Amino acid sequence: MQQRYLICTIVLIFGALGLFAQETLSDKKKQATNFYYLNKYQSAQSVLLGIKKNRQDDKETKLLLALCYYHLNQLKEAEPMLRHILETERSPFPETWLYLGKIYHDRHEFIKAIEYYKLYLKAIPSNHTNRATVREDIRRCATGLALQYKTPRAIVENLGNTVNTPYDEFAPIMSPNFTDRIYFSSVRPGNMGGSRNNFGQPDEVMGRFYSDIFTSQVNKGIWTPPQAMHHLLNSPKHEVLLDFSANGKALFYFKGSSYTQGEILIDTFRVGSRTLSSDPFIGPVEAAAGLSSAQFIGDTMAIFASQRPGGYGGMDLYKTVWIRGRWSAPVNMGPDINTSFDETTPFLSRNGQVLYFSSNRPDQSMGGFDVFRCLLIPQINRWTNADNLGVPVNSAGDDTHFRLSRDGYTAYFASSRKDGLGERDIYAAYFFDYLHEMSAPISAPAPLYVQTSAPPKMPRTNPDGSIAEPDPREEVSPRGSLNLKPFYFNQDGQWMQGPDGKQLDELVEALKKNPQLKLVITAASRQELAVSSRLYGGLKSAENLAQYLIGKGVSPTALQLHSIPPPPDFTSNFKTLTFQLSSLGESAFSSKTEPWLSGYTEDSGLLFRIQVGQSTSVLQNPLLSQDRYAMGEKSQSNGTYFYTIGRYNSYTEAKTAFNKLSNQTGFATFELVPFVNGIRLSRETAGSLSKMYPDILSWLEAKN
């Protein structure tokens with residue numbers, strides 16, 4: 001993530017230093033700028049600290065030294081230096097605000113980070129090349145604010161200074177034969193070929209080591225010192241391990257003079273005989289390493305990242321399969337996976353049903369690259385929407401190369417987070433719950449869904465990089481639609497099919513084809529019963545219909561059941577059910593619900609209700625009979641009935657009403673619950689919607 005700013009920052013600082021060099025800059029100071037330009041921050045820092053104290057006071061030197069501390073993960077030293085520049089300089093470089101924003105971003109102090117990012121935007125020209133990038137980082141901070149409320153799925157630990165160094169470690173791969181061993185690539189002193197410049201020539205001073213492949217194993221909970229692979233495998237070029245064959249006897253690896261120029265080789269290295277036989281991989285997989293890393297699955301399929309014509313923008317994920325003795329042409333994995341940003345470092349689970357990958361999409365990632373998870377829905381051969389794994393797997397840095405171990409509890413990945421030892425470190429994630437996608441081996445190519453139609457048009461952008469308003473003359477893509485009529489039960493609870501059976505079939509088809517949709521079924525009855533009994537009876541009727549839909553293949557998690565006491569002008573002799581197709585985000589499917597109760601409309605947008613109790617049957621609470629918006633609720637994935645009152649459009653309004661109930665018996669069990677489009681929000685789903693509905697943040701913060 002940090003490299004996006006480097007060129008502009010260097011041009012500014014170096015330009016000033018160039019003018020200053022004619023009079024007062026020493027050769028050491030010039031050398032420091034050269035080291036910084038080559039990302040050799042430790043060398044640049046050493047040179048700057050060696051300059052005499054009275055020469056370290058000019059603002060260019062102070063800023064350059066502060067940035068060296070930042071890039072070396074020494075944030076405690078960088079922050080006061082940057083603040084001192086703001087306090088003492090009449091016209092500080094705009095990068096001072098930028099890097100303070102980045103420090104707070106790295107610490108997950110997102111509100112402060114946004115504040116400094118905005119100060120930076122005010123300080124730079126309107127045509128500055130960094131504007132679009134910083135706007136994206138502001139959006140990532142907003143995403144981070146939402147993700148911090150997501151319940152953690154794992155704990156994460158750095159593999160420590162035995163494995164990691166102040167340099168670059170990345171691309172961890174678990175051994176297919178030994179559960180206690182991993183392989184990874186590293187750029188560190190001692191690698192084959194020594195330090196080399198950008199032309200591949202030896203250069204001990206200004207050069208950089210190329211990546212070699214290492215292996216380490218854990219012994220009694222401690223990782224052993226990494227061992228470099230044999231010299232017949234590692235070379236003066238970059239080597240990056242990509243994957244192992246199905247039987248573990250061969251490995252796929254990248255070799256090249258740069259991470260974007262090279263070849264993929266298949267190695268049958270045997271340690272005992274010290275022989276190496278590498279054959280070129282003949283196939284369409286991108287011959288690149290780093291973020292383009294590929295996964296080879298069961299010797300019959302490969303998934304890889306590539307930026308090629310016809311994609312959605314940036315790097316997309318593609319798949320190729322081994323069929324009839326050759327690898328097929330790459331197929332884009334489609335809009336369920338890919339976006340106009342970058343999708344990289346894929347990992348498909350053993351059962352072929354869950355895909356993990358990293359992406360830098362700003363509306364869903366909190367840092368540069370975050371790790372996402374998609375589930376395949378075999379019945380319709382589609383992927384679910386990408387789910388961010390959240391903290392602590394993801395951070396404000398780049399989190400990539402995520403791969404699960406066969407034990408179903410452990411994953412390894414690379415991260416550039418600022419609490420690490422170097423540029424990137426290897427981390428382990430230990431999941432609280434067993435990940436069932438690792439329980440069954442792959443015996444054939446997984447039925448991956450891929451896009452077969454042309455990719456959507458990219459949105460138009462303004463000169464400053466922001467999204468332009470859509471052109472009303474542009475064609476709007478068609479959307480599915482369904483007109484929903486009320487449905488009726490008799491007083492014995494038997495539902496009346498009649499002409500409405502066709503509507504039920506249409507609902508089943510819509511829910512299967514659009515897994516992001518939820519069906520809210522709301523019941524009402526004018527039976528001469530207490531409100532609490534009517535709410536419960538309505539839910540039982542809704543459950544009757546829900547069981548029919550589930551029997552037709554609808555997922556229980558797609559159904560949400562409500563029951564309300566209708567107003568006096570409700571005249572139906574039957575228990576009446578109305579339907580509302582909803583989603584928490586944008587949907588390619590629309591529905592229209594026919595009016596059925598005067599004064600009642602389908603829920604849309606954000607609403608708050610007060611939950612006054614829960615029960616496995618009828619809830620006896622006088623508040624239910626006193627409130628026109630009393631509601632019973634049940635999710636088909638939970639056997640409990642929940643009962644709420646009130647219908648408030650803002651958190652402030654809901655909290656005021658909530659406080660007025662403070663003298664009611666059982667108040668301690670009451671709680672405020674948010675709903676979006678009629679769907680109850682959990683803490684996790686609420687966090688992901690806080691950018692769309694900022695009032696949710698007030699609710700989340702109050703629950704902390």
Check: Which of the residues belonging to region 167-194 are under 13 Å from ALA289 (Cα atoms) and among the small types (Gly, Ala, Ser)?
Finding: ALA171, SER185, SER186
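Any residue at all in region 666-677 that's in a loop (DSSP other than H, G, I, E, B), in contact with a Ser or Thr (Cβ under 7 Å, 6 or more places away or on another chain) and at pLDDT 80 or above?
Yes; the residues of region 666-677 include at least one that is in a loop (DSSP other than H, G, I, E, B), in contact with a Ser or Thr (Cβ under 7 Å, 6 or more places away or on another chain) and at pLDDT 80 or above.
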Check: Any idea which of (1) under 21 Å from ARG647 (Cα atoms); (2) modelled with pLDDT under 85; (3) among the hydroxyl-bearing types (Ser, Thr, Tyr); (4) touching a Leu at 6+ places or on another chain (Cβ under 9 Å) is the one TYR548 doesn't satisfy?
Finding: (1)
Check: Taking the condition of a type in the set (Ser, Thr, Tyr), at pLDDT below 90 and over 23 Å from MET174 (Cα atoms), does SER292 pass?
Finding: no
Item checked: Residues of region 220-235 satisfying the condition of being in contact (Cβ under 8 Å) with a residue 24 or more places away in the chain and either over 10 Å from MET192 (Cα atoms) or assigned to a loop (DSSP other than H, G, I, E, B) (or both) -> ILE222, TRP223, THR224, PRO225, PRO226, MET229, HIS230, HIS231, LEU232, LEU233, ASN234, SER235
Notebook entry, point to check: Taking region 323-342 on its own, how many of its residues are in contact (Cβ under 8 Å) with a residue 40 or more places away in the chain and aromatic (Phe, Trp, Tyr)?
Noted result: 1
Notebook entry, point to check: Just checking, which of ARG403, ARG373 is touching a strand residue (DSSP E or B) at 6+ places or on another chain (Cβ under 9 Å), without any contact (Cβ under 8 Å) to a residue 24 or more places away in the chain and of a type in the set (Lys, Arg)?
Noted result: ARG373
Notebook entry, point to check: Among the residues of region 154-210, which ones are of a type in the set (Asp, Glu) and buried (at least 20 other Cβ atoms within 10 Å of the Cβ)?
Noted result: ASP168, GLU169
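Determine which member of the set TYR149, TYR104, TYR117 is touching a residue at least 12 places away in the same chain (Cβ under 8 Å), part of a loop (DSSP other than H, G, I, E, B), within 30 Å of LEU681 (Cβ to Cβ) and touching a helix residue (DSSP H, G or I) at 6+ places or on another chain (Cβ under 7 Å).
Result of the check over TYR149, TYR104, TYR117: TYR149.
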Margin query: Being among the basic types (Lys, Arg), closer than 17 Å to ASN158 by Cβ and assigned to a loop (DSSP other than H, G, I, E, B) is the filter here; which residues of region 396-438 pass it?
Written below: ARG417, LYS418
Item checked: Given (1) surrounded by fewer than 14 Cβ atoms within 10 Å (Cβ to Cβ); (2) modelled with pLDDT of 60 or more; (3) part of a helix (DSSP H, G or I), index of the condition ARG534 fails -> (1)
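Just checking, how many residues over region 64-93 are touching a helix residue (DSSP H, G or I) at 6+ places or on another chain (Cβ under 8 Å) and either free of Cβ contacts under 8 Å to residues at least 40 places away in the same chain or among the aromatic types (Phe, Trp, Tyr) (or both)? Even if it seems obvious, please write down each step before you answer.
The first filter runs over region 64-93 and keeps only residues touching a helix residue (DSSP H, G or I) at 6+ places or on another chain (Cβ under 8 Å), leaving 64-72, 75, 77-79, 81-86, 89, 92-93.
Cutting the leftovers down to either free of Cβ contacts under 8 Å to residues at least 40 places away in the same chain or among the aromatic types (Phe, Trp, Tyr) (or both) gives us 65-66, 68-70, 77-79, 81-86, 89, 92-93.
So the count comes out to 17.
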Item checked: Test: GLU109 is under 24 Å from the mean Cα position of the chain (by Cα) and under 30 Å from VAL391 (Cα atoms) -> yes
Check: Taking the condition among the β-branched types (Val, Ile, Thr), under 22 Å from LEU689 (Cβ atoms) and modelled with pLDDT under 95, does THR143 pass?
Finding: yes
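The values are calculated or read from the model by the stated rules, or taken from the named source; none is laboratory data. These numbers were taken from a predicted model, which means no experiment stands behind them. So basically every Cβ, Gly included, is an ideal-geometry build from the backbone, and we count neighbours across all protein chains shown.
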